[in-house]
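The values are calculated or read from the model by the stated rules, or taken from the named source; none is laboratory data. Just so we're clear, the structure is a prediction, and the values are computed from it rather than from any experiment. Cβ sites come from the backbone with ideal geometry, for glycine too, and all protein chains shown count toward neighbours. Quick note on the areas: whole protein, heavy atoms, side chains included, nothing else; ligands and nucleic acids left out. Shrake-Rupley method; radii C 1.70, N 1.55, O 1.52, S 1.80 Å.
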2 protein chains.
Amino acid sequence: MKIAFIGLGIMGFPMAGHLANARHDVTVFNRTAEKASRWTKNYSGSVAITPKIASKECDIVFVCVGNDDDLRSVVLGDNGVLNGMKANSILIDHTTASADVARELFTACSQQSIGFIDAPVSGGQQGAENGQLTIMCGGENGIFKQAESIMDCYAKQISLMGPAGSGQLTKMVNQICIAGLVQGLAEGLQFAENAGLDAHKVIEVISKGAAQSWQMDNRHETMIKGEYEHGFAVDWMRKDLGICFDEARGNGSQLPVAALVDQFYAGVQADGGGRWDTSSLKGRLK
Amino acid sequence: MKIAFIGLGIMGFPMAGHLANARHDVTVFNRTAEKASRWTKNYSGSVAITPKIASKECDIVFVCVGNDDDLRSVVLGDNGVLNGMKANSILIDHTTASADVARELFTACSQQSIGFIDAPVSGGQQGAENGQLTIMCGGENGIFKQAESIMDCYAKQISLMGPAGSGQLTKMVNQICIAGLVQGLAEGLQFAENAGLDAHKVIEVISKGAAQSWQMDNRHETMIKGEYEHGFAVDWMRKDLGICFDEARGNGSQLPVAALVDQFYAGVQADGGGRWDTSSLKGRLK
């Protein structure tokens, strides 16, 4: 397949690499050109100087950028992919973005007979590198089936959740659950330390029961050490939670704990921890 | 062994039963006598009319009652177990209570050369019935070793966490973690429903990743259905969280989300849901 990949961040870089390794004909574009040329040193493929040029004659175009505005720019802008893509091709968006922009892009694509799938991922940098991502998709079933077979090279699970925007909405549920969960874990660990308990031993015991979570299993060690320079950055979490709150304003959901935790994340940012892992909530509790 | 068991609630009833089934010589006491005579219809053992009488000549006395006050009454009162127990016997307290009362009982026991272990449990009614409880202990190692071998008949894990009170402190960490976690899950599920997603499908996808938890795995089904007449009651959770806040006031811990969730639980109680499972937080989010 002839493929374009727009956006070589810590997720897009290895994902585009998996596509190249799967012997697709991959052309990449990245805003910072240096990263694109670094990509070609690691993988077989070529570099284009605009998203539009990268997308020319492609069967599938992938986008994985920062936010709604970046996404509109690389898709709908003068040099965007929709000015390069041909009819009956497919646009797959891996950005975590709003459901609104997903629906907007779906409509714009439909007008050019291009298929569109919103496909935010979870699994982090490690999942992207190991090809073990979970991909939550929104769109039409026929298009999804085609997209699924291509994304398979970097995914452990790919699910169609409903019409355009449903992938984004599912990712939001994920982030809302994590917000309360991580803060609860942070409060518990802090309490354990202040109570003079051996926090490792406490986790060993309570992780067998009703307090267990992926975050407890995978983050307690670094939370106890106070190490946060890894994982999923607070800046990204705040971006994602912002999307959740906008959507919740529209659909009438109440998110009191997610909103409170978002404010704690603002505190982490104020402390200079915007690039720290979401588990750094623990660092604010002494 | 000659054993007394004080308090035949939904936890104590089956736990005392496991001890009887393990061929110990068990005498039970319960404030409501009817429950004690029902117990003797299910298990081999006898009933005493006071904790003091039940404890006479016993090697081990177990207590599993409602709160600190109940505990002081059945242990330290005129008819309490410490007026019946002999030197070199052991008192094991399965009540979820404060660390302060655990230290107080440890001291009172020591003055009579009686061993004391605070041993709150997790695993709920089902864990008690199946003999699969997790037991978090505080006390001295030599006494713990003796207690451990007896408790084994209803436990899947028994851990000594530190000196007297450490079992209670560990249980508190467990409850603090759960508070934030369950509310996060409730907010996420509510958002999924309001966003028009298939909540079952969403959980199927996100439970493979960083949002996973025991509560998600074991409670999403009933939360989606709005069924809460099972599990761990909100009234008990509020009692436990109250203990956490008292302790946190002393050890300097900050519990902002646990405190907020406690207020939501107050709302569940006001709605008549004091006996509902802790996952009923979901019911307050439409």
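Please compute, over every Cα-Cα pair in segment B:121-181, the percentage with a separation greater than 20 angstrom.
Details: 511 of 1830 pairs.
It works out to 28 percent of all Cα pairs.
List the lysines whose alpha-carbon lies under 23 Å from that of residue B:145, not counting same-chain residues fewer than 8 positions away?
A:201, A:208, B:2, B:56, B:86, B:156, B:171
Within segment A:52-148, report the GluC sites (Glu not before Pro) that DSSP leaves as loop and that have at most 12 other Cβ atoms within 10 Å.
Listed in order of number, the matching sites are A:57.
In sequence order, what are the phi-derived ³J(HN,Hα) couplings for segment B:276-286 according to the Karplus relation 6.51 cos²θ - 1.76 cosθ + 1.60 with θ = phi - 60°, rounded to whole Hz, with x for glycine and proline?
Using θ = phi - 60°, the values come out as 6, 5, 4, 6, 5, 3, 4, x, 8, 10, 9 Hz.
Roughly how many Å is it from the Cα centre of segment B:233-263 to that of segment A:228-264, as a whole number?
24 Å
Counting only Cα, what are the radius of gyration and maximum Cα-Cα distance Dmax of segment B:169-285, in Å?
Calculated on Cα positions, Rg and Dmax stand at 14.3, 45 Å.
What are the semi-axes of the equivalent ellipsoid for the protein assembly as shown, taken as the square roots of 5 times the Cα gyration tensor eigenvalues, largest first, in whole Å?
For the protein assembly as shown, the ellipsoid semi-axes come out as 56, 22, 19 Å.
Calculated FRET efficiency, residue A:110 and residue B:217, Cβ-Cβ r, R0 45 Å, to nearest 0.05?
After rounding to 0.05, the efficiency reads 0.70.
Can you sort B:221, A:34, B:247 by solvent-accessible area, 1.4 Å probe, largest first? Present the calculation step by step, with values, prior to reporting the outcome.
Working: B:221 80, A:34 110, B:247 35 Å².
So, going from the largest accessible area down, we get A:34, B:221, B:247.
Report the residue, chosen from A:217, A:240, A:262, that carries the largest GNM mean-square fluctuation when chain A is represented by alpha-carbon nodes joined by springs under 10 Å.
Top of the fluctuation ranking is A:217.
How would chain B be classified by its alpha-carbon gyration tensor: rounded, prolate or oblate, with rounded meaning a/c under 1.5 and the a/b versus b/c comparison settling the rest?
prolate
Using a simple spin-label model with points 7 Å from Cα along the Cα→Cβ vector, what separation in nm is obtained for residue B:76 and residue A:235?
Going by the 7 Å Cα→Cβ label model, 5.6 nm.
Which one, A:132, A:190, A:168, has the greatest fluctuation when you compute a Gaussian network model over chain A with C-alpha springs under 10 angstrom?
Per the Cα network of chain A with a 10 Å cutoff, A:190 tops the list.
Which of B:44, B:166, B:98 moves most in a GNM of chain B, Cα contacts under 10 Å?
The residue that fluctuates most here is B:44.
Within a Cβ distance under 10 Å of residue B:18, other residues only, what is the Lys/Arg minus Asp/Glu net charge?
-2
Counting only other residues whose beta carbon sits under 12 Å from that of residue B:92, what net charge do I get with K and R as +1, D and E as -1? Before the final figure, lay out each step's value.
Values: positive: none; negative: B:59, B:93, B:118, B:148.
Its environment carries a net charge of -4.
In whole Hz and in residue order, list the ³J(HN,Hα) couplings for segment A:51-56 that follow from phi through the Karplus curve 6.51 cos²θ - 1.76 cosθ + 1.60, θ = phi - 60°; x for Gly and Pro.
Listing the rounded values in order: x, 4, 5, 4, 7, 3 Hz.
Write down the accessible area per residue of the protein assembly as shown in Å², having rolled a 1.4 Å probe over the full set of protein chains.
On a per-residue basis, the protein assembly as shown sits at 38 Å².
Could you give the angle, 0 to 90 degrees to the nearest 10, between helix A:234-251's Cα long axis and the longest principal axis of the Cα atoms of chain A?
So the inclination is approximately 80 degrees.
Which distance in Å, rounded to a whole number, links the C-alpha centroids of segment B:186-217 and segment A:125-146?
The distance from the Cα centre of segment B:186-217 to that of segment A:125-146 comes to 18 Å.
What is the sum of charges, Lys and Arg at +1 and Asp and Glu at -1, for the other residues whose Cβ falls under 11 Å from the Cβ of residue B:117?
-3
Please determine, in degrees from 0 to 90 and to the nearest 10, the orientation of helix B:33-42 with respect to the longest principal axis defined by the Cα atoms of chain B, where the helix direction is its Cα long axis.
90 degrees
How big is the equivalent ellipsoid of segment B:217-283 along its three axes, where each semi-axis is √(5λ) from the Cα gyration tensor, reported in whole Å from largest to smallest?
Those come to 24, 12, 10 Å.
Taking every residue in A:162-173, how many Cβ atoms of other protein chains lie within 10 Å of its Cβ, on average? Please report the intermediate quantities before stating the final value.
Details: counts 6, 1, 0, 3, 6, 1, 1, 7, 8, 3, 6, 16.
Going residue by residue through A:162-173 and averaging, the value is 5.
Could you work out, for segment A:30-150, what percent of all Cα-Cα pairs fall into each 5 Å distance bin, beginning at 0 Å and stopping at the bin that holds the largest distance?
Per 5 Å bin, starting at zero, the Cα-Cα P(r) for segment A:30-150 comes out as 2, 11, 20, 24, 23, 15, 5, 0 percent.
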